[in-house]
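Let me begin by presenting the structure, written as structure tokens, before commenting on it.
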Amino acid sequence: MQFHLPLLSMLIWLPLIGAVLVLMTGSDKHANLARWIAVIVAILSLLLCVPLYLGFDPTTYLMQYREDYLWIDSYKIHYSLGIDGISLVMIILTNFTGLLVILAGIEATKLRVAQYMATFLTMQAMIVGVFASMDAILFYVFWEGMLIPMYLNIGMWGSANREYASIKFFLYTFLGSILMLVGLLYLAQQSGSFDIQSFYRLPLTLHEQKLLFFAFLLAFAVKVPMWPVHTWLPDAHTEAPAGGSVVLAALMLKLGVYGFLRFNMPILPVACQELAWLMIILSLIAIVYIGLIAIVQTDMKKLIAYSSISHMGIATLGCFMVYDIVQDTHQLQSAYMSLEGAVIQMVSHAFGSGAMFLGVGWLADRYANHSRLIKSYGGVANTMPVFAAFFMLFALSNVGLPGTAGFVGEFMVIVSAMRAHFWIALIAGSTLILGASYTLWMYKRVFFGPVTNDQVASFKDLNWIEVTNYLLLSAGVFWLGLNPEPVIRVLQVTLGHLLVQSMPYGLAMNLPKDFSYFA
Amino acid sequence: MPIFSLASPELALLILSGLILLIDVFTPQRLRFLTYLLVQATLVVAFLLAIAQYRHHAELLVTFNGHYVVDKLAILLKLFIYVMSFASFAYAREYIEERKIASSEYYILGLFCVMGMSVMASAYSLLTIYLGLELLSLPLYALVASHKDSQQATEAAMKYFVMGALASGMLLYGISILYGLTGSIQIPEIARLIHAAPTATVSLALIFILAALLFKFGAVPFHMWVPDVYQGAPTSVTLFIASAPKIAAFGITMRILVQALPELHVAWEQILTVIAFLSMFFGNLLAIVQTNIKRMLAYSSIAHIGYSLLGIIAGPSSHDGYSAALFYITTYVLVAAGAFGIVALLSRTGIEADQLEDYRGLNARNPWLAFMLLLLMFSMAGVPPTVGFFAKLGLLVSLVEAHRVWLAVAALVFALIGAYYYLRVVMLMYFEEPTEANASKPVTLSWDMQLAVTVNGVAVLALGVLPSALIDLCRIVI
């Protein structure tokens, strides 16, 4: 059934209007008013996701909740929105995370509260916009538009080295987007329209496909981030305020993988197949090499940042393994599982790393000089038992313990990789060991043992806002870990269709034309 | 018999500015603000007359023996020129009052400049083009020197005058060669006869004319005067130089290159490609190392001129190249006026807020002003959802259509370099606390200045969200 309310537009414009309202409260004299407006807007946005999910028809791969208005006549650019299963999941995740960071910001931020809340609401709107856009230029506008609030967020509320980190973040992502814009314009030139779906199955030569592939790759690889263009992330993550790190980890990194799924694979299937080896190697480097780097980190936020890169390696691996799998096994089922694993990995990583960034932020807030160094802590479990218990859960999810969210995605990707290539699966599987080493070792040094200094001894356990935050996140972790069915249900047909679309004709010919068995 | 009614905006400007000059002489000192109001009213009258023409004349009309044209392009350019001049004078009011710059002369000289630009927009022969250009330039040299106690301003005016006279000379030389080749100075006649002329001589004329045009635009390698004049001139004059004259220069470029010399498009495309590339390169690179915001914006204007030339380069082989260039120039001028306007507003008696340092912690001192400057900076960097993005987008679409993908990529790479110094301004305003000297001084604006800045900043955002109307307008006229 179709809702007549323009839900997607509401999800984009409500936070923007909220941001304007929040800014109108002005200086910090009315900080509480700003806080509550932001919270109410965030809750309303999340509530809007309920009818969005319920009204979503999971039996079709067609775009739903379509809205289409001519925006810029001369260039045939449309304000065109619509979602499929992947976008639906990511939009709900965005609004969920949006509420979390705003809740977390209530206590943590004392200075320029209104502007702080406004940056988050704007970011939320922009990210929803990216996931919902069906027009290439609209997509690009949201894609770039989110840089401004993130740049301000890191720069205004970040820690000591924030100016360097924020400008590095901005220029890096700007660099990535440049070639994508030219690529989009080239595609639009070929297809005569900026509609993203009109790009699919354009008759492009292999040479064109490869050039476009690299143009898009740079944009998305920077966002994911993939080795070797990942260096902005540890800086941005470390210097950003806790909420900013959460948005970066939980949402922005997902945009890169989303880009692969929305642009590279269906638009450039031949190039993707030809260059899948490159993507697989880059993903494996991310998983192993970055995982090793994470082990030696002394700064907790940096450690989680590197762990994020490593985990996103699993997601990109899951996306690009499909070509090898189909080639080797001549069936779509394992390839489908690989792709599904990648998407679920995106969601589960949002919960795990988001929660850990929040936790580190809270720890640092309690420490006098806001130290994020592992060696500054020790025995936190003694003074903050509730926090320690929650953090254990998220650490285990990060490691990929069965029953938590982290397990599902990794397992699906690695098992399906096994069908095609034993060694790739084995190397990817090392993430389980590496993840356990860096996460649990950090956990041990920070939480266990005797209380090491007076600072830690004076820590107070979580307050009710923080507990609410963590309860929401643990619900997410368990729900996805034990019963991923509601997510898989909406993904199935979309991913099945995407998979068939992403196969070059040569490969697709050997395949059953009918993919209804996914439904 | 010439049809005078076609030149009604220029005639109105001429008659009214003469009247104002007379009235001003007999106005006592305390009523001098009347001059300001009358000058602005004159611009409004000219604007309304141009609007009336726009509604009545759909087709191209030529008069004054083929030296003067009224078409949609001319009228639209005039409208933009009047609006931007209005804004420049509005921003300038407080600034020149505080500095005791002879204010009535200032506005009246400005009005003569507007008349010159107006003539440039409607010029249909090389002679009229030259006439308009000189009518613009001479009062402009005087304006730069209007702060006569300032050594810097005098030096800038001298430099501007000498270089400008050289450029005018080159233009005249080019015109004389063209006349020798074709026996005509009228645009359509030249276009008709040029193919019979020997290529080498035509190229010589083209190079002289291009050099003069690019000097007026301030493009590399004819850019040397730009940073010095922008920095040395009183900020209100810098604001004026950076805005409306660029639009008028675009007008005569269209007339000469596109309407008179379309036969030579291969030649001027090649020359402009080099010029645009160098302008984007040097403009953006040199802006990075500046510590004076006026100088930084001067280099940034060089880069932006490079961008707008891209549209003209793509013009012959794409649908919308010229209109993309016009859109780019118009919106850039809007943004530049806002940026220099804020620089002027932040200055106080005796203190110029022209160092980047002065912007440190502006968000703490006046959040609204900081936010407006943030919008302007992101627009210059070409980040959506500001209008600067759509300006660049239009150029890129045309470049890709004209099969110049590499130039599009280069333009974007330079935009990335440029983003750095725009971001640095934002960084200073938002990420740092005010300097001790500034912290205690609140930034307060009078209501009309507040209104001007707000209209300007919001326009940059609003045109970024809904650019369609202005893009269409730029397409219709070309």
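Nothing in this text is a laboratory measurement; each read-out follows from the coordinates by a stated rule. Because the structure is predicted, anything quoted here is derived from the model rather than measured. For neighbour counting, all protein chains shown are included, and Cβ atoms are generated from backbone atoms with ideal geometry for every residue, glycine included.
Listed here are the residues, each with its yes/no results for (1) in contact with a helix residue (DSSP H, G or I) (Cβ under 6 Å, 6 or more places away or on another chain); (2) assigned to a helix (DSSP H, G or I).
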residue: B:Pro2; (1), (2): no, no
residue: B:Ala7; (1), (2): no, yes
residue: B:Glu10; (1), (2): yes, yes
residue: B:Leu34; (1), (2): no, yes
residue: B:Gln53; (1), (2): yes, yes
residue: B:Phe80; (1), (2): yes, yes
**Request:** Tell me, please, whether a residue that is touching an Asp or Glu at 6+ places or on another chain (Cβ under 7 Å) and closer than 17 Å to B:Thr273 by Cβ can be found in segment B:342-352.
**Result:** no
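Please specify each residue of segment A:159-171 satisfying the condition of being touching a residue at least 40 places away in the same chain (Cβ under 8 Å) and surrounded by fewer than 20 Cβ atoms within 10 Å (Cβ to Cβ). Let's see the steps before the verdict.
From segment A:159-171, those touching a residue at least 40 places away in the same chain (Cβ under 8 Å) are A:159-162, A:164-166, A:168-169; that's our starting set.
Correct list: A:Ser159, A:Ala160, A:Asn161, A:Tyr164, A:Lys168.
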**Residue that is farthest from A:Ile154 (Cα to Cα) [pool: residues in segment A:183-238 that are outside any helix (DSSP H, G or I) and of a type in the set (Phe, Trp, Tyr)]** = A:Tyr200
**Message:** I'd like the residue in segment A:154-178 that is more than 7 Å from chain B (Cβ to nearest Cβ) and of a type in the set (A, V, I, L, M, F, W, C) and, out of all such residues, is nearest to the chain's Cα centre (by Cα).
**Reply:** A:Phe169
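For A:Ile40, indicate whether it is hydrophobic (A, V, I, L, M, F, W, C), under 30 Å from B:Arg475 (Cα atoms) and either out of contact with any strand residue (DSSP E or B) (no Cβ under 7 Å at 6 or more places or on another chain) or within 13 Å of chain B (Cβ to nearest Cβ) (or both).
Working: hydrophobic (A, V, I, L, M, F, W, C): yes; under 30 Å from B:Arg475 (Cα atoms): no; either out of contact with any strand residue (DSSP E or B) (no Cβ under 7 Å at 6 or more places or on another chain) or within 13 Å of chain B (Cβ to nearest Cβ) (or both): yes.
In short, no.
Collect the residues in segment B:422-441 that are among the β-branched types (Val, Ile, Thr) and either more than 10 Å from chain A (Cβ to nearest Cβ) or surrounded by fewer than 18 Cβ atoms within 10 Å (Cβ to Cβ) (or both), keeping them in residue-number order. Steps first, please.
Within segment B:422-441, the subset among the β-branched types (Val, Ile, Thr) is B:425-426, B:435.
Those that are among the β-branched types (Val, Ile, Thr) and either more than 10 Å from chain A (Cβ to nearest Cβ) or surrounded by fewer than 18 Cβ atoms within 10 Å (Cβ to Cβ) (or both): B:Val425, B:Thr435.
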**Asked** If B:Gln355 passes every condition in (1) surrounded by fewer than 24 Cβ atoms within 10 Å (Cβ to Cβ); (2) within 13 Å of chain A (Cβ to nearest Cβ) but one, which one does it miss?
**Response** (2)
**Asked** Can you tell me which residue in segment A:181-199 is farthest from the chain's Cα centre (by Cα), limited to those that are farther than 14 Å from A:Phe216 by Cβ and more than 14 Å from every other protein chain (Cβ to nearest Cβ)?
**Response** A:Ser198
**Message:** Taking the conditions exactly as written (within 11 Å of chain B (Cβ to nearest Cβ), surrounded by 24 or more Cβ atoms within 10 Å (Cβ to Cβ), over 24 Å from A:Tyr75 (Cα atoms) and among the hydroxyl-bearing types (Ser, Thr, Tyr)), does A:Tyr151 satisfy them or not?
**Reply:** yes
**In segment B:383-407, the residues that are within 22 Å of B:Gln270 (Cβ to Cβ), without any contact (Cβ under 8 Å) to a residue 60 or more places away in the chain and either facing chain A (nearest Cβ under 7 Å) or touching a Pro at 6+ places or on another chain (Cβ under 8 Å) (or both)** = B:Leu396, B:Val400, B:Val405
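Among the helices (runs of 4 or more DSSP H) lying completely within segment B:219-300, list those that include at least 2 residues that are out of contact with any helix residue (DSSP H, G or I) (no Cβ under 8 Å at 6 or more places or on another chain) and surrounded by fewer than 24 Cβ atoms within 10 Å (Cβ to Cβ). Please lay out each step first, then the result.
Working: elements: B:225-232, B:235-242, B:244-253, B:265-288.
Those helices (runs of 4 or more DSSP H) span B:265-288.
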**Prompt:** If you scan segment A:395-406, which residues turn out to be surrounded by 21 or more Cβ atoms within 10 Å (Cβ to Cβ) and over 17 Å from the mean Cα position of the chain (by Cα)?
**Reply:** A:Ala395, A:Leu396, A:Val399, A:Gly400, A:Thr404
